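Structure first, then comments.
Please treat every number below as a calculation from the coordinates, not as lab data. The structure displayed is predicted, hence computed values, not measured ones. In this analysis, Cβ positions are derived from the backbone assuming ideal geometry, glycine residues included, and neighbour counts consider all displayed protein chains.
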Amino acid sequence: MTEEKKDILLPEKFTIENVPFLLNKIKELKKDVNIEIDFENVERFDSSAIAFLNHLKTNYENISFKNITSEFNKILGMFHTNEDIEHDLQIITPRKRFEHIANRFLKLRSNFKKYILLLSDEIYYTILYIFNRKGVYPGEISNQMYDIGFKSSPILCLISFLVGVTISITTLDQLNNFGADIYIADIVGFGMIRELIPLMTGIILAGKIGASITAEISSMKVLEEVDAIKTMGLVPEQFLMVPRLIAITLAVPLLIAIADVIGILGGVIIAKLFSGIQPSAFFREMLVTVDLKDFFIGLGKTMVFGWTVVITAGYKGFSVEKGAVEIGNATTDSVVLSISLIIVLDCLFALLLY
């Protein structure tokens, strides 16, 4: 017994308007009838018709196509089949999960190795420059000090003052309950000089200086200016990074000194306005707890934070290969990584110092 066959000839213009008619015609036929859809007359078609034909091809075993052009067949093959979707949505087995974790770990180890190599290179090039004064563009250190120090001081002073005010208000509210208002001087002085000012300075440098350095170096890498520096017989890591490292080393003590004064001034003002504590009494009580050692501890921490920001910015900048998108991603990653490292280092300092 021969199987029953039925041919359906598609119109010259096969678009979404013809889809309901074709679907009704297929439903009218028996399920055991072999249907051949003929493309001989088709000259125009749209995406909706293609999607419908792909649905027929995937879900109806008794439907086949004939006289289909190579162009039409190519477009039809661009749609995902059920097998493709099942492949994309395959279940992640424990082995694949382990392989993914292992690949992430190997990539992290490789990035950490590159970071440490860059750090060691910069320490070497900085010491080398101090002794022979070569490999750096003349006047670049002073230019970087202007950008890192002078341009960062307004925002640093503003945030330091506001942090000092905020800490004073919240702490004074609790001290009033115990009649210990005068101890606001100890809390503000010790907290600002050893913890808050170094931490806030590092975060501000990461957001302002770190992003700027990463964007500049990554742009130079994309525009092949880094390669041009190499052709001139210079080392890019020395030519571009050493001035910034020396500049931030020289600028940080000034920034810390200004930020400490401004931050404590915020505490003095709040103590005077809310509790009537005279500035002389405030400083006299503060000096009982805070001494020069605390200032140098805060300065040392900020110096480490500053170096971390510059090294991280340089690492991300030199890692860029090509494309404007990578510049933006590198800049964002630089700020996030710098702030994360600063928080981690601050925790380590806390474990070592207290």
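Pick out which of ILE277, ILE35, ILE248 has the largest mean-square fluctuation in a Gaussian network model of the chain, springs linking Cα atoms closer than 10 Å.
Looking only at ILE277, ILE35, ILE248, the biggest GNM fluctuation is shown by ILE35.
Once you've got the GNM for the chain with C-alpha springs shorter than 10 Å, pick whichever of LEU158, LEU337, LEU23 has the biggest mean-square fluctuation.
Highest fluctuation of the listed residues: LEU23.
Figure the gain on full extension for ASN143 and ARG284 (residue separation times 0.36 nm, minus the Cα-Cα span) and round it to one decimal in nm. It would help to have the intermediate numbers written out before the result.
Values: separation 141, 0.36 × 141 = 50.76 nm, distance 3.98 nm.
That pair, ASN143 and ARG284, stretches by 46.8 nm at full extension.
Based on other C-beta atoms within 10 Å, arrange GLU99, GLU36 from fewest to most.
Ascending number of Cβ neighbours within 10 Å: GLU99, GLU36.
List, in order, the whole-Hz ³J(HN,Hα) value for each residue of the range 245-258 obtained from phi through the Karplus relation with A = 6.51, B = -1.76, C = 1.60 and θ = phi - 60°; use x for Gly and Pro.
Result, ordered by residue: 5, 5, 5, 6, 5, 7, 7, 4, x, 5, 5, 5, 4, 5 Hz.
Report the extension gain between PHE296 and ILE182 in nm, rounded to one decimal, defined as 0.36 nm multiplied by the number of residues separating them, less their alpha carbon distance.
Difference between extended and current length: 38.6 nm.
How far apart, in nm, are two points set 7 Å out from the Cα along the Cα-to-Cβ line at MET232 and at ASP333?
The two pseudo-label positions are separated by 2.7 nm.
What order do you get for PHE161, PHE112 when you list them from fewest to most C-beta neighbours inside 10 Å?
PHE112, PHE161
Based on other C-beta atoms within 10 Å, arrange SER70, SER47, SER152 from fewest to most. Working shown, then result.
On the way: SER70 7, SER47 11, SER152 19.
Placing the least packed residue first, the sequence is SER70, SER47, SER152.
A 26 angstrom limit on the alpha carbon distance is what I want to check against. Which of LYS113/LYS301; LYS5/LYS57; LYS13/LYS57; LYS107/LYS208; LYS114/LYS221 exceed it?
From the list (LYS113/LYS301; LYS5/LYS57; LYS13/LYS57; LYS107/LYS208; LYS114/LYS221), the Cα-Cα distance tops 26 Å for LYS107/LYS208.
For a protection proxy built on the mean count of beta-carbon atoms within 10 angstrom, sort 208-220, 292-304 highest first, please.
208-220, 292-304
Between the range 291-354 and the range 170-211, how many Å separate their Cα centres?
The range 291-354 and the range 170-211 have Cα centres separated by 20 Å.
What is the angle, in °, between the Cα long axis of helix 94-132 and the longest principal axis of the Cα atoms in the chain? Nearest 10 is fine, range 0 to 90.
The helix 94-132 is inclined about 40 degrees to the chain.
What's the extension gain from VAL261 to THR58 if we count 0.36 nm per residue and subtract their Cα-Cα distance?
The span from VAL261 to THR58 would gain 65.6 nm if fully extended.
Extending each Cα 7 Å along its Cβ direction at ASN103 and GLN174, get the distance between those two points in nm, one decimal.
Output for this residue pair reads 4.8 nm.
At what distance in nm do the modelled label points of ARG44 and PHE150 sit from each other, each positioned 7 Å from its Cα along Cα→Cβ?
Here the modelled spin labels are 6.9 nm apart.
R0 = 25 Å: FRET efficiency of ILE127 with LEU345, Cβ-based, nearest 0.05?
Here the calculated transfer efficiency is 0.70.
Remind me, relative contact order of the chain in percent, using alpha carbon pairs under 8 angstrom and six or more residues apart?
20
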